[in-house]
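Worksheet for the structure shown next.
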Amino acid sequence: MNIPSLTSFFKKTSTQLTTLDTILIKRLKNLSKESNLIVLKDVNIYHHASVYKIGLIVLDSLRGLYLFESKEWTYGVLKKADIQKAQKQENSNDTLAYENTQNIIKQKFNALTNNDCVPIFNYLLMENLNADEYEHLNDSFKSLLPQEKIIFSDFNEADILKKLHNSCQESNDLPCIDDILGPLFIQYSILGHEGDMHLCSDEQRAFIDKPLKPITHLTGLHGSGKSNLLLLKSIVEILDKKSKKIIILKATVLACDILKKKILTITEHAIIDIDLSSIEIITPLELLNRHLLKVAKESVSHIKVHPILMKKTYHAADTLMCDDSDQLPFEFIEYLNHIQKKSTLVLVSTLNCNANLSKNFRILNRKVNFYKTNPHAKALHLISTLLAKKVKNILIVSNSMSREKLKDDLHSFIEEVPGFINSSTALINQNFNNLLFCSYSDINELNTNHIILMDLCFTSENEIEYAFNLAHTSVDVVYEEECKEINELRNRYEQCQKE
């Protein structure tokens, strides 16, 4: 390896697209499992219309961010290198090759939080230079490559941790992990229903990072973030120019509108410039009718695949993502496979075992109650109690008969005006009050803090599971008689509690 001078080291970052898992990087990863370090390799920062690639970044939640660059320089090469030009290169104790990346990170933080957020430290991973060899280098090299900024090849995990900890003292004043990494990496940030931000899990990040196959299956538990991941993956696909047009299918008009609002919020929050017309969110029925219009056939009012559609090509999008595909007719899934033969298809479904996403994020701290009593009287009592406590976001799911009866009785003793959800109506025409009523067929993509479930008997298992996993804070199941649906739901819940 021949390097006539080191000037380029301070001017350029590596053009390598991926950072290899070297010995030192593996040691850093091992270290993260036993400490409060979070290691991210080969990640992008998206800011406005630009993409900034980072080979390796580590977060110490008590100190700040560490940026790393791997160098293959050996002792022999450094001894022979011409130091003259490099001596004239400006350098600071806190800045090595990633000065530009530091500035981008600070810009991102300042734009979102109005401050630099966390300290940033830069380090070199010298895979072919040990600490003893460094001592024999020319003093000029040592001034350009400060020892305190180098992780040497003979460092073990303890040596690395000590070197990183020497960067500064611990501080409890830093933001939480989600508030540090969330603004930086919007592709790994899920916005909660109350505007809070959550960093994706390893499973969720794996889906976002992996290239899409011709047919990709995303499976997970209810509440595992599948719909949010479709939005994040779509944004990344467009930003990275891997797709020119993406269609996301959602079951209802209301669900589509909720996702449209969410993707607008994500892009505004992330400060990225993206053509949102490249990501379209429509119902399966809309897709069918577009194709029918193209072949001069009459539109349909329910999901039914006309035989001619299976004989015609139709480039709906570069990437087509179908959420809740397991809730749709088999013939429609076959239709999607047909029209996406030369493009990319993502099928999302709910599985309780062997899923890509094995964690339900909504059930961690919520309270669940089963009440065998008069459902109507109990529902009235629960609603009035929650409202008296000024609880926000209450959803009652029932059949139409129970809904009308509750509506009449509530009118006489509460001031709260309930809203009624209709999933076939656009979001702009909905009345999203604090207290909401809906049927089991209207709950797709809704979010709530508290949910009261009624009329479970003769309701499908899928609809019950979906409704049961909507709430973040509490679930109240009220019923008068035992039935198969109630018993199965209780058994599944109790089994989850044991696990």
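This table checks each residue for (1) on the phi < 0 side of the Ramachandran plot; (2) touching a helix residue (DSSP H, G or I) at 6+ places or on another chain (Cβ under 9 Å); (3) not polar (S, T, N, Q).
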site	(1), (2), (3)
129	yes, yes, yes
135	yes, yes, yes
139	yes, no, yes
147	yes, yes, no
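Going through the stretch 246-277 one residue at a time, which ones are surrounded by fewer than 18 Cβ atoms within 10 Å (Cβ to Cβ) and either in contact with a Lys or Arg (Cβ under 8 Å, 6 or more places away or on another chain) or on the phi > 0 side of the Ramachandran plot (or both)?
271
Say whether the condition of being assigned to a strand (DSSP E or B), of a type in the set (Phe, Trp, Tyr) and either touching a Phe, Trp or Tyr at 6+ places or on another chain (Cβ under 8 Å) or over 22 Å from residue 478 (Cα atoms) (or both) is met by at least one residue in the stretch 412-420. Steps first, answer last, please.
Taking the stretch 412-420 and keeping what is assigned to a strand (DSSP E or B), we get 419-420.
Among the residues that remain, those that are also of a type in the set (Phe, Trp, Tyr) are: 420.
With the extra rule that they be either touching a Phe, Trp or Tyr at 6+ places or on another chain (Cβ under 8 Å) or over 22 Å from residue 478 (Cα atoms) (or both), the set shrinks to 420.
Within the stretch 412-420, one or more residues are assigned to a strand (DSSP E or B), of a type in the set (Phe, Trp, Tyr) and either touching a Phe, Trp or Tyr at 6+ places or on another chain (Cβ under 8 Å) or over 22 Å from residue 478 (Cα atoms) (or both).
Just to be sure I understand, how many residues within the stretch 145-171 are of a type in the set (Val, Ile, Thr) and in contact with a Lys or Arg (Cβ under 7 Å, 6 or more places away or on another chain)? Steps first, please.
Taking the stretch 145-171 and keeping what is of a type in the set (Val, Ile, Thr), we get 150-151, 160.
Those still in the list that are in contact with a Lys or Arg (Cβ under 7 Å, 6 or more places away or on another chain) too: 151, 160.
The number of residues fulfilling the criteria is 2.
Does residue 140 fit the bill of being modelled with pLDDT of 85 or more and in the same structural domain as residue 69 (by TED's automatic domain parsing)?
Details: modelled with pLDDT of 85 or more: no; in the same structural domain as residue 69 (by TED's automatic domain parsing): yes.
Judged against the criteria, residue 140 is not a match.
Restricting attention to the stretch 310-319, does a residue exist that is basic (Lys, Arg) and not in a helix (DSSP H, G or I)? Can you show your working first?
Of all residues in the stretch 310-319, those basic (Lys, Arg) come to 311-312.
Now restrict to residues that are not in a helix (DSSP H, G or I): 311-312.
Yes, because at least one residue in the stretch 310-319 is basic (Lys, Arg) and not in a helix (DSSP H, G or I).
For the stretch 446-472, what are the residues that are hydroxyl-bearing (Ser, Thr, Tyr) and surrounded by fewer than 17 Cβ atoms within 10 Å (Cβ to Cβ)? Give the steps one after another, and end with the answer.
Taking the stretch 446-472 as the starting set, the residues that turn out to be hydroxyl-bearing (Ser, Thr, Tyr) are 448, 459-460, 466.
Listed by number, the list holds a single entry, 460.
Out of all the residues in the stretch 314-365, which are charged (D, E, K, R) and either at pLDDT 95 or above or in the same structural domain as residue 293 (by TED's automatic domain parsing) (or both)?
318, 323, 324, 326, 331, 334, 341, 342
Could you tell me whether any residue of the stretch 293-306 is among the aliphatic types (A, V, I, L, M), closer than 28 Å to residue 237 by Cα, outside the structural domain of residue 465 (by TED's automatic domain parsing) and not in a loop (DSSP other than H, G, I, E, B)? Write out each step before concluding.
First, the residues of the stretch 293-306 that are among the aliphatic types (A, V, I, L, M): 293, 295-296, 300, 303, 305.
Applying the additional criterion that residues be closer than 28 Å to residue 237 by Cα yields none.
No, every residue in the stretch 293-306 fails to be among the aliphatic types (A, V, I, L, M), closer than 28 Å to residue 237 by Cα, outside the structural domain of residue 465 (by TED's automatic domain parsing) and not in a loop (DSSP other than H, G, I, E, B).
Which members of the stretch 367-392 meet the condition of being surrounded by fewer than 16 Cβ atoms within 10 Å (Cβ to Cβ) and either charged (D, E, K, R) or within 30 Å of residue 319 (Cβ to Cβ) (or both)?
Those that are surrounded by fewer than 16 Cβ atoms within 10 Å (Cβ to Cβ) and either charged (D, E, K, R) or within 30 Å of residue 319 (Cβ to Cβ) (or both): 367, 372, 389, 390, 392.
Identify the residue in the stretch 244-301 that is within 19 Å of the chain's Cα centre (by Cα) and of a type in the set (Gly, Ala, Ser) and, among all such residues, is modelled with the lowest pLDDT.
Among residues in the stretch 244-301 that are within 19 Å of the chain's Cα centre (by Cα) and of a type in the set (Gly, Ala, Ser), the one modelled with the lowest pLDDT is 270.
Which one of these is over 15 Å from residue 379 (Cβ atoms), surrounded by fewer than 15 Cβ atoms within 10 Å (Cβ to Cβ) and touching a residue at least 24 places away in the same chain (Cβ under 8 Å): 421, 428, 443? Show your work before the answer.
Values: 421 fails: surrounded by fewer than 15 Cβ atoms within 10 Å (Cβ to Cβ); 443 fails: surrounded by fewer than 15 Cβ atoms within 10 Å (Cβ to Cβ).
Going through 421, 428, 443 in turn, just one is over 15 Å from residue 379 (Cβ atoms), surrounded by fewer than 15 Cβ atoms within 10 Å (Cβ to Cβ) and touching a residue at least 24 places away in the same chain (Cβ under 8 Å): 428.
Answer yes or no: is there a residue in the stretch 484-499 that is within 21 Å of residue 403 (Cβ to Cβ), in a loop (DSSP other than H, G, I, E, B) and out of contact with any strand residue (DSSP E or B) (no Cβ under 7 Å at 6 or more places or on another chain).
No, because not a single residue in the stretch 484-499 is within 21 Å of residue 403 (Cβ to Cβ), in a loop (DSSP other than H, G, I, E, B) and out of contact with any strand residue (DSSP E or B) (no Cβ under 7 Å at 6 or more places or on another chain).
Any residue at all in the stretch 151-171 that's among the hydrophobic types (A, V, I, L, M, F, W, C), assigned to a loop (DSSP other than H, G, I, E, B) and within 23 Å of residue 103 (Cβ to Cβ)?
Taking the stretch 151-171 first, the residues among the hydrophobic types (A, V, I, L, M, F, W, C) are 151-152, 155, 158, 160-161, 164, 168.
Pick out the ones that are also assigned to a loop (DSSP other than H, G, I, E, B) and you get 155, 168.
Filter once more, keeping what is within 23 Å of residue 103 (Cβ to Cβ): 168.
Yes - at least one qualifying residue is present in the stretch 151-171.
Report whether or not residue 215 is in contact (Cβ under 8 Å) with a residue 12 or more places away in the chain and under 22 Å from residue 359 (Cβ atoms). Explain how you work it out, then say what you get.
Numbers: in contact (Cβ under 8 Å) with a residue 12 or more places away in the chain: yes; under 22 Å from residue 359 (Cβ atoms): no.
No, not satisfied.
Within the stretch 267-292, how many residues turn out to be in contact with a strand residue (DSSP E or B) (Cβ under 6 Å, 6 or more places away or on another chain), of a type in the set (Val, Ile, Thr) and either assigned to a helix (DSSP H, G or I) or over 30 Å from residue 182 (Cβ atoms) (or both)?
Taking the stretch 267-292 first, the residues in contact with a strand residue (DSSP E or B) (Cβ under 6 Å, 6 or more places away or on another chain) are 272-273, 279-281, 284.
Then drop every residue that is not of a type in the set (Val, Ile, Thr), which leaves 272, 279, 281.
Adding the requirement that they be either assigned to a helix (DSSP H, G or I) or over 30 Å from residue 182 (Cβ atoms) (or both) leaves none.
Residues in the stretch 267-292 being in contact with a strand residue (DSSP E or B) (Cβ under 6 Å, 6 or more places away or on another chain), of a type in the set (Val, Ile, Thr) and either assigned to a helix (DSSP H, G or I) or over 30 Å from residue 182 (Cβ atoms) (or both): 0 in total.
Is it the case that some residue within the stretch 215-238 is assigned by TED's automatic domain parsing to the domain that holds residue 316 and surrounded by fewer than 16 Cβ atoms within 10 Å (Cβ to Cβ)? First the steps, then the outcome.
In the first step, residues of the stretch 215-238 are kept if they are assigned by TED's automatic domain parsing to the domain that holds residue 316; the result is 215-238.
Cutting the leftovers down to surrounded by fewer than 16 Cβ atoms within 10 Å (Cβ to Cβ) gives us 215, 217.
Yes: one or more hits.
Taking the stretch 196-211, which residues are among the hydrophobic types (A, V, I, L, M, F, W, C) and crowded, with 16+ Cβ neighbours inside 10 Å? Full working, then the answer.
First, the residues of the stretch 196-211 that are among the hydrophobic types (A, V, I, L, M, F, W, C): 197, 199-200, 206-208.
Within the stretch 196-211, 197, 199, 200, 207, 208 qualify.
Can you name the helices (runs of 4 or more DSSP H) wholly within the stretch 1-96 that have at least 2 residues being modelled with pLDDT of 85 or more and surrounded by 15 or more Cβ atoms within 10 Å (Cβ to Cβ)?
Values: elements: 7-11, 23-33, 75-80, 84-87.
Passing ranges, in order: 23-33.
Can you report the number of residues in the stretch 129-141 which are loosely packed, with under 13 Cβ neighbours inside 10 Å and closer than 21 Å to residue 24 by Cα?
The total comes to 2.
The values are calculated or read from the model by the stated rules, or taken from the named source; none is laboratory data. Fair warning: this is a prediction, and the values are worked out from it, not measured in the lab. Cβ: placed from backbone, ideal geometry, glycine included. Neighbour counts: every protein chain shown.
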